[in-house]
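Read the figures in this text as sums done on the coordinates, not as results from a lab. If you're wondering where the values come from, they're calculated on a predicted model, not measured in any experiment. Counting neighbours? That spans all protein chains shown, and the Cβs are built from the backbone with ideal geometry, glycine included.
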Amino acid sequence: MNANTKPVIFDGHNDLLTRLWLSSAADPVHDFIYGTLPGHLDLQRCQEANWMGGLFSIFLPPYAYVKNNHPDKLANPSHSDFTPQEIVDICCEQLKLAQQLEARSDGQIQICTSLEQIQACQQNKQLAIVLHLEGAEFLAIQPDLLDVFYEAGLRSIGPLWNRKSLFGDGLNASFPHSPDTGSGLTAQGKDLILKCSEKHMLIDVSHMNERAFWDTIEIACQPIVATHSNSHALCQQARNLTDQQLAAIKQSDGLVGVNFDVAFLRADGQRNTQTSLDVIVDHLDYLIDHLGEDHVGFGSDFDGCLLPDELSDISQISMLIERMQQRHFSDQLIEKVTSKKLVYGA
Ligand SMILES: [Zn+2]
């Protein structure tokens, strides 16, 4: 790879759809495709960076966050939580935003449901959206929507988020803490995983506490993926993975995407953006040591995380690639980590 060659990047996790939903712009979909959108991602910056997409999360943000920062998004901001109908509507609206991105992009963006489609997107320089569900609360309210979302392209699910739900306990813990923060999957949580497994959907353990993680390993006979998590040995965040968890993911032939959020990277767990890119490379190194180079990718968390100053948005991703080169990552290894394993399985 010479200095001007940018590796293709296929990313394990981003929160663009939630950011579009939260946006107060008149037409955020248009701004993403044809203009500039504040935040980490828009189409022009993605294309310039050779970022060809990845897993796009449909996500219900915390009620307090929406109430404090985007009260216009709530039917009644004097409530203390979302109504069941709001939970369903918010997820459906984010799905619609993904469909609009595809429909209004003049062929530049495609919702993909197979590896072949993703590979074709790469060849045709299109942005590939693989739909992912982060937290499945709305399926507890309207279970039949799983089939509707699958038909619309949903191919990846993280059944749990930080809140407790019908499917299992959340993962809320102060720093430092082990991932063991509560009980595991409920019977409904196990059922949901089995249903998604039968549909050959990807199962994401990134937001699972440790017991739910081991429950998942036991029941899901498929590669297990942590789309955006780091090493617990380097940063003792409950969201990060212990060496035993890494070994189990490796054994399942799964994958871990390294998260760029400073609070999941730093040894002190601080939300301090003055964080060297070396810390991302340290986590990559550690994950590769424990999982092997075929089991590690990027899971940036763009548009949903606090990035290091040096990597302020997608346009600065070359800074990280350069740091990987300086730290003796070969071109071949960089290609594996940035896309090859995820897109081509090799
Ligand atoms: Zn997340």
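May I ask which of Lys250/Lys336; Lys164/Lys199; Lys164/Lys250; Lys73/Lys190 have a Cα-Cα span longer than 21 Å here?
Going by Cα-Cα distance, Lys164/Lys199; Lys164/Lys250; Lys73/Lys190 fall outside the 21 Å limit.
Find how much the distance from Asp72 to Glu335 grows on full extension, using 0.36 nm per residue of separation minus their present alpha carbon separation; answer in nm with one decimal. Intermediate results must be reported in sequence, preceding the final value.
Working: separation 263, 0.36 × 263 = 94.68 nm, distance 4.27 nm.
Separation in residues times 0.36 nm, less the Cα-Cα distance, equals 90.4 nm.
With runs of 4+ DSSP H residues as the only contributors, calculate the mean residue ellipticity of the chain at 222 nm using -39,500 (n - 2.57) per run, divided by the residue total and rounded to the nearest 500. Mind dumping the intermediate values first?
Values: 15 runs with 133 residues, N = 346.
Mean residue ellipticity, 222 nm, calculated: -11000 deg cm²/dmol.
Under 5 Å between amide hydrogens, which residues at least 5 positions from Leu255 or on another chain qualify, with H placed 1.01 Å from N in the peptide plane?
Result for Leu255 returns Ile224, Val225, Ala226.
Taking the simple approach of a point 7 Å from Cα along Cα-to-Cβ for both Arg271 and Lys164, what is their distance in nm?
So the label points at Arg271 and Lys164 sit 2.4 nm apart.
Suppose a student asked you for the relative contact order of segment 9-344, using Cα pairs under 8 Å spaced at least 6 residues apart; what percent would you report?
Working: 673 pairs, mean separation 59.2, N = 336.
Result for segment 9-344 is 18 percent.
I want to verify a result. In a Gaussian network model of the chain, Cα cutoff 10 Å, which of these has the top mean-square fluctuation: Leu43, Leu185, Leu146?
Among Leu43, Leu185, Leu146, the largest GNM mean-square fluctuation belongs to Leu146.
Pick from His290, His207, His70: which residue has the top mean-square fluctuation in a GNM of the chain where Cα pairs under 10 Å get a spring?
His70
Could you check which residue among Asp106, Asp243, Asp89 shows the biggest mean-square fluctuation in a GNM of the chain with a 10 Å Cα cutoff?
Asp106
Give me the extension gain from Ser312 to Gln326: residue separation times 0.36 nm, minus the current Cα-Cα distance, reported in nm with one decimal.
3.1 nm
On a full-extension model of 0.36 nm per residue, what is the gain between Ile141 and Ala233, subtracting their alpha-carbon distance, rounded to one decimal in nm? Walk me through the numbers on the way to the answer.
Working: separation 92, 0.36 × 92 = 33.12 nm, distance 3.73 nm.
Going from the current span to full extension adds 29.4 nm.
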